[in-house]
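Working notes, beginning with the structure itself.
The values are calculated or read from the model by the stated rules, or taken from the named source; none is laboratory data. Predicted, not measured: the structure shown is a model, and the values here were computed from it. Glycine also receives a Cβ, built like all others from the backbone with ideal geometry; neighbour counts cover every protein chain displayed.
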Amino acid sequence: MDWYLQQIINGLGLGAIYALIALGYTMVYGVLRFINFAHSDVLMLGAFTAFYIAPKIEKLMGHQSVLGCILLFIVAAAVCACIGMLIERLAYRPLRNRPKLTVLITAIGVSLLIEYTAQNEKVLGSAPQPFPQLLQEHSIHLGNLIISSNDVLTLGVTIVLLAAMWFVVQKTRIGTAMRAVSYNQQAALLMGVPVNRIISFTFGLGSALAAIAGILYAIKAPSIEPLMGVQPGLRAFVAAVLGGIGNLPGAVLGGVLLGLLETFAGGIPGLSNYRDAIAFGILILILLVKPAGLLGRSAVEKV
Amino acid sequence: MPFLGAKRWLLLGIALAILASYFTPSFNRYYLGVVIDIGIAIILATSLNLINGHTGQFSLGHAGFMAVGGFFSAWLSLHVGETVNAFWFFPLALLAGGLVAAVVGLVVGVPSLRLRGDYLAIVTLGFGEIIRVVAQNTQAIGAASGLAGIPKLTTLGWTFGFAAITIYAITALVNSTYGRGFIAVHDDEIAAESNGIDTTRTKVTAFVTGAFFAGIAGGLYAHHKQFLSPTGFDWVKSIDIVVMVILGGMGRTGGVIAAAVLLTLMPEFLRDFSEYRMIVYSLLIILLMLLRPAGLFSFSRKRRIPS
C-alpha cells in the first residue's frame, strides 16, 4: 500500500512537469495545427537561462530565497517567451499557408538547429552541468512515505500555472481570441481578430510554460545538457496526443497519466528497462481505440 | 513502353555493379566506404519515397525497419554464416532481413495506417523508438552494447545491385496499374476510395514494401560497418532519410536518388568543419522548406505521367 502511495506521489511530480510541457504542444496545435518539435528545445533553453542567471539573482536576493526563486522563474519564462515568439516569426510565419508537412519538417529543422548549436563547445557545450539548488530541499515524512519538497514545489507551481492558464484562456479577451482562432482561423480573421498577434501570443505563453517546466525538470534531474529536453519533450508530446491534441484539460490529464504509468512501470524490475517504450506503447494503444485521444472530439470529414 | 525502358536501366545498373565489384580491390578504402554509404542511402531514400512521396503517408520510423533487417541478417551471419556457402549466403541473409522487416512493417502498418497526417507521423516515430528499445534489451543481439564483429560481406556489387533492384521494383510498382492506387491515395484519399480503391490495403502495401527494402539496406549497412548499435537507429536517423526524400522532392525518384547522394557526400565534404556540420545541416532543412518546399530538384509543378 505504502509502495503504491509513494509511486503515486513520485508519479504526480513527474506528471505535473509533463502536463506543463504538453500544454505548450497542445496550444500551438490548437491554433496552427502542427507539432512544434522545437518546443522541447525551448524547455532546455529555459533551464539554461535559469542556470546562467541564478548566480546573479542569488547575489541580489540572497542565498536560496523564495523571492529570488520566483524572480528566476519569471525571468526564464520571459526570455523563453521571446525565444518562442522569435521562432514563430522567423521560421513558421512565412509558411503559414503551406502544406502542414512543410511546417512539420521546418519544426524538426529548428529543433535540430537549436540542439546542435547548443552542443557546440563555443555555445553551451555538450557536457552535463550541475544545476544549482534553488531552494533548500527538505524531505517530509508522512508515516512511511517520503515526500520531497521539490515535488511539492513542482505540484504547487503547476497548479498555480494551470489555474492561471484556465483564467487566461476562458476569461480574458485574448483567451477568447485564442479559442476563436483555434476554432476557425478564417472566421476569426473576418471578425477582426488579429490572428498573427494571437498566434504569436500563444507561442509566447506555451514557451513560458516550457521554460518553467524546464527549470522544474532540471531541479529534479539535477543536471542540465543541451539534449535534456528531448526525452521529456517526446513524453509530453505523447501526453498531449493521449489527452486529445488541441484540448487543454486533455493535455493535463495525459501528462499526469503518463507520469503515473511511467513511475509505476519504472518500479517494476522487469519493466524498468522498457521505460522509453512504455509511453509510445500506451499512445499507440489509445490511438487505436480512440484515434482522437481521451478527451478529443473526432472531426467528421466532409467532402 | 515504360517497362522495357525501366528493365534496360535495371540490367545496366546490375551490369555496372558487377563490373565495379571486379575493380574493388584497386579502390581507395575510404572512397569505397563512402560509395557504399551512398548506395545504402539510395535504397533507404527510394523505399521511403514509396511511403512518404508516392503514397503520401508520412512515416518517421524508417530507421526502425532498417534496424530490424540489419540486426536479423547480422545475427544470421554470426550464427549460421560459417557453415554455408559464403557467396550465396549473403544475399539470402539480406532477403531474410528484408522479409522480417516487412513482417514488422505489416504489424506496424495495419493498425497505424488508419491514422492520418501528424498522428501517423508520431505513431511511426513511436514504433521506431519501441523497436530501438526492444533491441537495446534483447540479449541475443548484444543488448545495449550492440553487435560487434559482423563479417564484412557488403561489397560494391551487392550494394548497387540491390540499389538497382530497389529503384526498378519501386518504379515498376508505381507505374503499374495497381501502383496507380498509391498515387490516387496520395492525391485524394476520399476520391480514391470512392473509385473503388481499397485505401488501407494500398497504404499497407506501400508500407510493407518500403519496410522490406529498408530491411535490406539495414543488412547491407550491418555488413558494411561491421558493428550495430541500437542507438544508431533512433529517430534522428529516420529524419535523415526523410530529409533526403523532401530534398529530392516527394515522389520524384530521380530527385530523391540525387538527394541521397548529395546528403551522404555533404558530411564528408564538411569533415574539416565537423563541429559546424550539423548546424549547417539543420539550417539547410529550414532554408529548403522556406525557399524550395517542393524539393531542390523540382523544376515544374506538374507530375510527370509516363506514357
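Is it the case that A:THR117 is surrounded by 15 or more Cβ atoms within 10 Å (Cβ to Cβ), modelled with pLDDT under 85, within 10 Å of chain B (Cβ to nearest Cβ) and over 23 Å from A:ALA251 (Cβ atoms)? Answer is no for this residue.
Residue-by-condition table, conditions (1) at the interface with chain A (Cβ under 10 Å from one of its Cβ atoms); (2) not in a helix (DSSP H, G or I):
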| site | (1), (2) |
| --- | --- |
| B:PHE89 | no, no |
| B:PRO111 | yes, no |
| B:LEU115 | yes, yes |
| B:TYR119 | yes, no |
| B:LYS152 | no, yes |
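Does region A:81-102 contain at least one residue that is among the β-branched types (Val, Ile, Thr) and crowded, with 21+ Cβ neighbours inside 10 Å? Yes, the conditions are met somewhere in region A:81-102. Can you find even one residue in region B:265-284 that is closer than 22 Å to B:VAL103 by Cα, surrounded by fewer than 23 Cβ atoms within 10 Å (Cβ to Cβ) and of a type in the set (Gly, Ala, Ser)? Scanning region B:265-284, I find no residue that is closer than 22 Å to B:VAL103 by Cα, surrounded by fewer than 23 Cβ atoms within 10 Å (Cβ to Cβ) and of a type in the set (Gly, Ala, Ser), so the answer is no.
The listed residues are B:THR205, B:THR209, and the only one of them that is assigned to a helix (DSSP H, G or I), more than 14 Å from chain A (Cβ to nearest Cβ), among the polar types (S, T, N, Q) and within 24 Å of B:TRP88 (Cα to Cα) turns out to be B:THR209.
The numbered conditions (1) out of contact with any helix residue (DSSP H, G or I) (no Cβ under 6 Å at 6 or more places or on another chain); (2) surrounded by 24 or more Cβ atoms within 10 Å (Cβ to Cβ) are all true for A:SER65 except (2).
Could you tell me whether B:THR166 is touching a helix residue (DSSP H, G or I) at 6+ places or on another chain (Cβ under 6 Å), in contact (Cβ under 8 Å) with a residue 12 or more places away in the chain, within 14 Å of another protein chain (Cβ to nearest Cβ) and of a type in the set (Val, Ile, Thr)? In short, no.
For region B:239-259, state whether one or more residues are small (Gly, Ala, Ser), farther than 22 Å from B:PHE58 by Cβ and assigned to a helix (DSSP H, G or I). Within region B:239-259, none of the residues are small (Gly, Ala, Ser), farther than 22 Å from B:PHE58 by Cβ and assigned to a helix (DSSP H, G or I). Of the helices (runs of 4 or more DSSP H) lying entirely inside region A:1-97, those carrying at least 1 residues that are within 25 Å of A:ASN150 (Cβ to Cβ) and touching a Lys or Arg at 6+ places or on another chain (Cβ under 9 Å) are A:2-32. Does at least one position in region B:223-232 carry a residue that is over 15 Å from B:ILE40 (Cα atoms), within 14 Å of chain A (Cβ to nearest Cβ) and of a type in the set (A, V, I, L, M, F, W, C)? No, every residue in region B:223-232 fails to be over 15 Å from B:ILE40 (Cα atoms), within 14 Å of chain A (Cβ to nearest Cβ) and of a type in the set (A, V, I, L, M, F, W, C).
Just wondering, is there one or more residues in region A:73-94 that are in contact (Cβ under 8 Å) with a residue 60 or more places away in the chain, over 20 Å from A:ALA210 (Cα atoms) and at the interface with chain B (Cβ under 10 Å from one of its Cβ atoms)?
Let us first name the residues in region A:73-94 that are in contact (Cβ under 8 Å) with a residue 60 or more places away in the chain, namely A:73, A:76-85, A:87-89, A:92-93.
Filter once more, so that each one left must be over 20 Å from A:ALA210 (Cα atoms): A:93.
Remaining after also requiring at the interface with chain B (Cβ under 10 Å from one of its Cβ atoms): none.
No; the residues of region A:73-94 include none that is in contact (Cβ under 8 Å) with a residue 60 or more places away in the chain, over 20 Å from A:ALA210 (Cα atoms) and at the interface with chain B (Cβ under 10 Å from one of its Cβ atoms).
A search for C-beta distances below 9 Å between a residue of region B:259-281 that is on the phi < 0 side of the Ramachandran plot and any residue that is at pLDDT below 80 and small (Gly, Ala, Ser), counting only pairs 6+ apart in sequence or on different chains, returns B:ALA259/B:GLY295; B:PRO267/B:SER274. I'd like to check something: does region B:132-146 contain any residue that is within 14 Å of chain A (Cβ to nearest Cβ), closer than 29 Å to B:GLY251 by Cβ and in a helix (DSSP H, G or I)? Checking region B:132-146: at least one residue is within 14 Å of chain A (Cβ to nearest Cβ), closer than 29 Å to B:GLY251 by Cβ and in a helix (DSSP H, G or I). Checking the condition buried (at least 20 other Cβ atoms within 10 Å of the Cβ) and closer than 15 Å to A:ILE219 by Cα, which residue from A:LEU72, A:LEU112, A:LEU161, A:LEU155 passes? Sole residue among the options that is buried (at least 20 other Cβ atoms within 10 Å of the Cβ) and closer than 15 Å to A:ILE219 by Cα: A:LEU72. Criterion first (touching a residue at least 60 places away in the same chain (Cβ under 8 Å), within 30 Å of A:LEU101 (Cβ to Cβ) and either part of a loop (DSSP other than H, G, I, E, B) or among the aromatic types (Phe, Trp, Tyr) (or both)) does B:PHE127 satisfy it? Spelling it out, B:PHE127 is indeed touching a residue at least 60 places away in the same chain (Cβ under 8 Å), within 30 Å of A:LEU101 (Cβ to Cβ) and either part of a loop (DSSP other than H, G, I, E, B) or among the aromatic types (Phe, Trp, Tyr) (or both). The residue that is nearest to B:GLU189 (Cα to Cα), among those in region B:55-69 that are among the small types (Gly, Ala, Ser) and crowded, with 24+ Cβ neighbours inside 10 Å, is B:SER59. Residues in region A:175-190 that are aliphatic (A, V, I, L, M) and free of Cβ contacts under 8 Å to residues at least 60 places away in the same chain: A:ALA177, A:ALA180, A:ALA187, A:ALA188, A:LEU189, A:LEU190.
Within the span defined as region B:154-176, one or more residues are at pLDDT below 85 and surrounded by fewer than 21 Cβ atoms within 10 Å (Cβ to Cβ). Within the option set A:LEU271, A:LEU258, being without any contact (Cβ under 8 Å) to a residue 24 or more places away in the chain and not polar (S, T, N, Q) holds for one residue only, A:LEU271. Of the residues B:VAL242, B:VAL261, the single one that is modelled with pLDDT of 85 or more and surrounded by fewer than 20 Cβ atoms within 10 Å (Cβ to Cβ) is B:VAL261.
Could you please let me know if B:VAL236 is at pLDDT 90 or above and either buried (at least 16 other Cβ atoms within 10 Å of the Cβ) or out of contact with any Lys or Arg (no Cβ under 8 Å at 6 or more places or on another chain) (or both)?
Taking the combined requirement at face value, the residue does not satisfy it.
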